[in-house]
Amino acid sequence: MALAGVRVIELAGLAPAPFCGMILADFGARVIRVDRTRMAMTVDTQARGKQSVALNLKDPKGVAVLKRLCVKSDVVLEPYRK
């Protein structure tokens with residue numbers, strides 16, 4: 001796989017970030033999607049090949065975990081904002 005060994009953190013959202021994460025996972029990257037803890041469970045068609053972790057980013061412990069994940073990653077994908 002072309003991207004084997006590449007670590008990607010994806011902050012769950014809409015539009016380009018989940019799609020990009022799916023493509024990176026298809027090419028062999030290890031993609032970890034960070035979800036909100038209180039989110040309705042829906043079928044995500046763009047979750048193929050990804051791992052997922054639910055974090056409360058309003059809690060300092062959740063923020064600390066996200067920081068540790070980001071330090072160990074090569075790429076961070078965040079949702080598009082206007």
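Some points to look at:
- Some residue of region 7-25 being surrounded by 12 or more Cβ atoms within 10 Å (Cβ to Cβ), modelled with pLDDT of 90 or more and assigned to a loop (DSSP other than H, G, I, E, B): no
- With respect to the conditions (1) within 14 Å of residue 77 (Cβ to Cβ); (2) open to solvent by 80 Å² or more (accessible area, probe 1.4 Å); (3) touching a Phe, Trp or Tyr at 6+ places or on another chain (Cβ under 9 Å); (4) not small (Gly, Ala, Ser), residue 1 falls short on a single one, namely (1).
- Qualifying residue in region 65-76 (condition: at pLDDT below 90 and of a type in the set (Ser, Thr, Tyr)): no
- Flag for residue 29 being open to solvent by less than 60 Å² (accessible area, probe 1.4 Å), at pLDDT below 90 and either within 14 Å of the chain's Cα centre (by Cα) or not aliphatic (A, V, I, L, M) (or both): no
- Out of 54, 40, sole residue that is at pLDDT below 95, loosely packed, with under 14 Cβ neighbours inside 10 Å and touching a Ser or Thr at 6+ places or on another chain (Cβ under 7 Å): 54
The values are calculated or read from the model by the stated rules, or taken from the named source; none is laboratory data. Worth saying up front: this structure is predicted, and the values here are computed from it rather than measured. We place every Cβ from the backbone using ideal geometry, glycine too, and count neighbours over all the protein chains shown. Protein only, heavy atoms only, side chains kept; ligands, DNA and RNA dropped before computing areas. Shrake-Rupley method; radii C 1.70, N 1.55, O 1.52, S 1.80 Å.
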